[in-house]
Amino acid sequence: MSTFPWLKGHGTENDFVILPDPDGSVHGELEAGLVRFLCDRHAGLGADGVLRVIQGDKQSYVEDGGDWFMDYRNADGSIAEMCGNGVRVFVKYLADAGLIDDKPVRVGTRAGIKAVAQNDDGTLTVDMGEPTLPGPAGIVVETNGHQWPAVHVDMGNPHAVAFVDNLDEPGNLCDQPTWSPTSAFPHGVNVEFVVRRDAHDVQMRVHERGSGETRSCGTGTCAVTVAAARQARDELPVTYRVGVPGGEVSVTWRADNHLELTGPAVLHARGDFDRAWLPA
């Protein structure tokens, strides 16, 4: 197929190109070069990543593809396990396209099934599953000539969460911060820098592996909630407001150890793309 449809959307300004491909016949194995071009903010459409929409029983990536499968790729074309903002945008597309009703939908990801509910106020709530803290102890992240201790929180994808005195300290986060020991994150890591503003109110910046600094990171807001709640010795359940450069979300760490992420999702553009426009 020489042309294909696309849409654009964002969750707290973490933005994505959406590629509808219900039966998996439009894109086959999604090429990394196409993803990089679509996400290029100068030559392409511009985005932090690509969300390919496939029926759960038409995908071949995981054992259980859910009702619909989210084939998520970072802006550099690499595969990512999960995206908390992306899955809300994904379900917003399904709802607006009339592909689902108002009941919760099971979205398949490479990090397992995520149940997503649509709320009356227009936000969406995602059951992000249980966090793990794989360690090791003594992780240190470094950027802009500074070092900070960090905690490894895994939300299906890896995060290193560091608390700082102010969010200017990390400087430019376009480039990946370094970390030690290097063996802690063999496949790269998302790095969050966090300040606590009140008992259950934090603000963060993030470098996402494969995308650079983004305006928000859904799994990152969950990782930050876990790190902040553990630091404060909060009892569960507990809810945190997490501010990001692109807005704010609410994260509840439930008594059953699951995290719920609630936030907005917006669709704002659509069109058709001709493969002939791809550079040779």
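Kindly provide the set of residues from region 223-248 that are assigned to a helix (DSSP H, G or I), over 18 Å from Ile139 (Cβ atoms) and under 17 Å from the mean Cα position of the chain (by Cα), ordered by number.
As a first pass, look at region 223-248 and keep what is assigned to a helix (DSSP H, G or I): 223-232.
Add one more test, that the residue is over 18 Å from Ile139 (Cβ atoms), and what stays is 225, 229, 232.
Answer for region 223-248, where residues must be assigned to a helix (DSSP H, G or I), over 18 Å from Ile139 (Cβ atoms) and under 17 Å from the mean Cα position of the chain (by Cα): just Thr225.
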Quiz item: Has region 85-102 got at least one residue that is touching a helix residue (DSSP H, G or I) at 6+ places or on another chain (Cβ under 6 Å) and either buried (at least 22 other Cβ atoms within 10 Å of the Cβ) or at pLDDT 95 or above (or both)?
Solution: yes
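Residues are listed down the side, and each one gets a yes or a no for (1) among the polar types (S, T, N, Q); (2) at pLDDT 95 or above; (3) more than 27 Å from Asp198 (Cβ to Cβ):
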position	(1), (2), (3)
Gly138	no, yes, yes
Val141	no, yes, no
Gln147	yes, yes, no
Val153	no, yes, no
Pro158	no, yes, yes
Cys174	no, no, yes
Thr178	yes, yes, yes
His187	no, no, yes
Self-check item: Residue ID - most open to solvent (accessible area, probe 1.4 Å), chosen from residues in region 127-154 that are assigned to a loop (DSSP other than H, G, I, E, B) and under 23 Å from Thr12 (Cα atoms)
Solution: Glu130
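Residues that are among the β-branched types (Val, Ile, Thr), in contact (Cβ under 8 Å) with a residue 12 or more places away in the chain and assigned by the TED database to the domain that holds Arg270: list the strands (runs of 3 or more DSSP E) wholly contained in region 36-126 that include at least 3 such residues.
Working: elements: 49-55, 68-74, 105-109, 112-118.
The qualifying strands (runs of 3 or more DSSP E) are 49-55, 105-109.
Sort out which residues of region 264-280 are over 19 Å from Ala47 (Cα atoms) and either surrounded by 15 or more Cβ atoms within 10 Å (Cβ to Cβ) or touching a residue at least 40 places away in the same chain (Cβ under 8 Å) (or both), and write them in order of number. Walk me through how you get there before you give the answer.
Of region 264-280, the ones over 19 Å from Ala47 (Cα atoms) are 276, 280.
Scanning region 264-280 gives a single hit, Ala276.
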Exercise. Spot the failing condition for Glu213; the list is (1) outside any loop (DSSP other than H, G, I, E, B); (2) over 20 Å from Gly171 (Cα atoms); (3) open to solvent by 30 Å² or more (accessible area, probe 1.4 Å), and only one is missed.
Key: (2)
Quiz prompt | Matching residues in region 46-82 - criterion: being surrounded by fewer than 19 Cβ atoms within 10 Å (Cβ to Cβ) and either within 14 Å of the chain's Cα centre (by Cα) or within 21 Å of Gly11 (Cα to Cα) (or both) | solution = Gly46, Asp76, Ser78, Ile79, Glu81
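The values are calculated or read from the model by the stated rules, or taken from the named source; none is laboratory data. Predicted model, so just to flag it, every value in this text is computed and none were measured. So basically every Cβ, Gly included, is an ideal-geometry build from the backbone, and we count neighbours across all protein chains shown. The accessibility values were calculated without ligands, DNA or RNA, using every heavy atom of the protein model including side chains. Shrake-Rupley method; radii C 1.70, N 1.55, O 1.52, S 1.80 Å.
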